[in-house]
Amino acid sequence: MEDGIRLPCFNRAGHVAHAKRCMSALPASQTDIDASRLALAFYNIGILDLLGVMNDGDTISRQNGKDEWLEWLWAQQTQGKYGSGFRPSPFMLLHPPAEEFSDYNTPHIIMTYTALLALSILRDDFAKLDRSGLIRLLRACQRDDGSFTTTPGGGESDLRTLYCAFAISAMLDDWSGVDVERAKSFVTSCRTYEGGYGQDLFCEAQGGTTYIALASLYLAPSSSETDPLTLEEKRQTVKWLMSTQTSSGGFCGRTGKVGDSCYCFWCGASLKILKMDHLVETKTLASFLADSQFKFGGIAKCPGEHPDPYHTYLSIAALCMYPPSPLAADEKPDSWEFPELDPLLNARVDTAEWARKYISGKGHRT
Ligand SMILES: [Zn+2]
């Protein structure tokens, strides 16, 4: 299937320019996600990190506004009644605040995970991090069924939030904020007959939530001693994941759908976590992502669509795990070189190492 594929150049400069454009001003088409400005910032900072222009030399970092981003991210660390963490953005804050702990100022688990990774990309030393407040926040967000709400006593509750709580605990190297066993049984209850995971009980298997379920199970401290899945469960999950790579080379999110670049990450990273990455056809995958590149930079969900930071970041993250090979000289091999990715934290390996070292506070003690 891979024979005869000729890849064009991977438009690195275009994708860097697209990320910078999206960081400086929100395109009109994306004003509806202003409430999640922090998440958007993460994808753009992440694109620059994966393409190697964030920390390679001071000049470039300064051009990228590193100091301003550090200041803005730390300004989102906030305290609520039940602990501390990061809020999505200051967009709905009243000036001056009407009450001491406003609902709009509440720390949010997903945004906290995002902010911690973004700060790690920017190589912050986390001296300002309120670690004990973060543990209290996690504790206040776990429900009786093991799942987590995004904010204490409210907000959405699905597997995404549970994954963020696990990733935060792994980066803190402190699991005292979560009841791991109860959380793992919630993950197990989201497993479907196909071998994938839905976002809640009785939901259809989906690529994104399957990644989140597997990453959570393998982030859990006990996973190094006992494999979270039985051999039979693994076989079934791998079979389902492999069925999501379509003939276009791109992965789809649900059985029978068309290829979408973000699922190249979600399904690809799931296979990587299960150590079955050798099954993925890297060249057809790269060919699908190459065709999804927009001519002025950025990557769309599929060929012919408009690009956005979310699909651009996840496409490049997929290529970090599955760089195409073999490549001929006229396929511009240099443009297809990527750093190694940590599939559990969804960051390049050196960024993930930084996060684990400095967020846990170990970087300061040594
Ligand atoms: Zn998508």
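Against the empirical 2.2 N^0.38 Å scaling, what ratio does the C-alpha Rg of the range 148-270 come to? Walk me through the numbers before you get to the answer.
Working: Rg = 14.5 Å, N = 123, 2.2 N^0.38 = 13.7 Å.
Compared with the compact-globule rule of thumb, the range 148-270 sits at 1.06.
Amide H of PHE251: which non-local residues (sequence gap of 5 or more, or other chain) have their own amide H closer than 5 Å, using H built in the peptide plane?
THR246, ASP260, CYS264
What fraction, in whole percent, of alpha-carbon pairs in the range 234-332 exceed 16 Å separation? Before the final figure, lay out the partial values.
Values: 2490 of 4851 pairs.
Above the 16 Å cut-off, the range 234-332 has 51 percent of its Cα pairs.
What does the net charge come to around ARG182 if you take all other residues with beta carbon closer than 13 Å to its beta carbon, with K and R at +1 and D and E at -1?
Numbers: positive: ARG139, ARG143, LYS184; negative: ASP144, ASP145, ASP179, GLU181.
After counting each charged neighbour, the total is -1.
Which order do GLU225, GLU331, GLU71 fall in if you start with the one that has the fewest other Cβ atoms within 10 Å? Walk me through the intermediate numbers first.
Working: GLU225 6, GLU331 20, GLU71 10.
Lowest count first: GLU225, GLU71, GLU331.
Within 13 Å, Cβ to Cβ, of SER147, how many net charges do the neighbouring residues add up to if Lys/Arg are +1 and Asp/Glu are -1? Kindly include the intermediate steps, with their values, before the conclusion.
Values: positive: ARG143, ARG160, ARG182, LYS184; negative: ASP144, ASP145, GLU156, ASP158, ASP179, ASP200.
After counting each charged neighbour, the total is -2.
Using amide H atoms built 1.01 Å from N in the peptide plane, name the residues 5+ places from THR150, or on other chains, whose amide H lies under 5 Å from its own.
Correct list: GLU156.
Charges on Cβ only, +1 for Lys and Arg, -1 for Asp and Glu, centred on the Cα centroid of the chain; of ALA290, ALA355, ALA215, which one is farthest towards the dipole's positive end?
The residue sitting farthest along the positive end of the dipole is ALA355.
How much mean residue ellipticity at 222 nm does the chain get from its helices, if each DSSP H run of length 4 or more adds -39500 (n - 2.57) and you divide by all residues, to the nearest 500 deg cm²/dmol? Present the calculation step by step, with values, prior to reporting the outcome.
Values: 15 runs with 168 residues, N = 366.
Dividing the helical sum by the residues of the chain leaves -14000 deg cm²/dmol.
Can you sort HIS278, HIS108, HIS306, HIS15 so the residue with the fewest Cβ neighbours within 10 Å comes first?
Details: HIS278 7, HIS108 27, HIS306 11, HIS15 24.
So the ranking, lowest neighbour count to highest, is HIS278, HIS306, HIS15, HIS108.
Which residue, ASN105, ASN55, ASN44, has the most motion in a Gaussian network model of the chain that connects Cα atoms within less than 10 Å?
ASN55
Quick one: order LEU274, LEU279 by neighbouring beta-carbon count within 10 Å, fewest to most. Numbers along the way, then the final one.
Working: LEU274 19, LEU279 11.
If I rank by nearby Cβ atoms, fewest first, I get LEU279, LEU274.
Cα atoms only, the range 109-212: Rg and Dmax in Å?
14.1, 46
Extent of the range 296-366 along each principal axis, from alpha carbon coordinates, in Å, largest to smallest?
The principal-axis extents, from largest down, are 49, 29, 20 Å.
Near GLY298, within a Cβ-to-Cβ distance under 14 Å, what is the net charge of the other residues, with Lys and Arg +1 and Asp and Glu -1?
Details: positive: ARG12, LYS20, ARG21, LYS295, LYS301; negative: ASP291, GLU305, ASP308.
Combined, the nearby Lys, Arg, Asp and Glu give +2.
To one decimal place, what orientation-averaged projected area in nm² is obtained for the convex hull of the Cα set of the chain? Before the final figure, lay out the partial values.
Working: hull surface 75.2 nm².
Its average projected convex-hull area is 18.8 nm².
Quick check: pseudo-label points 7 Å beyond the Cα along Cα→Cβ at GLU156 and CYS9, how many nm apart are they?
Roughly 3.9 nm, to one decimal.
Each value in this text was obtained by applying a stated rule to the coordinates, not by laboratory testing. Bear in mind the structure is a predicted one, so any value in this text is a computation, not a measurement. Reconstructed Cβ throughout: ideal geometry from the backbone, glycine too, with neighbour counts over all protein chains shown.
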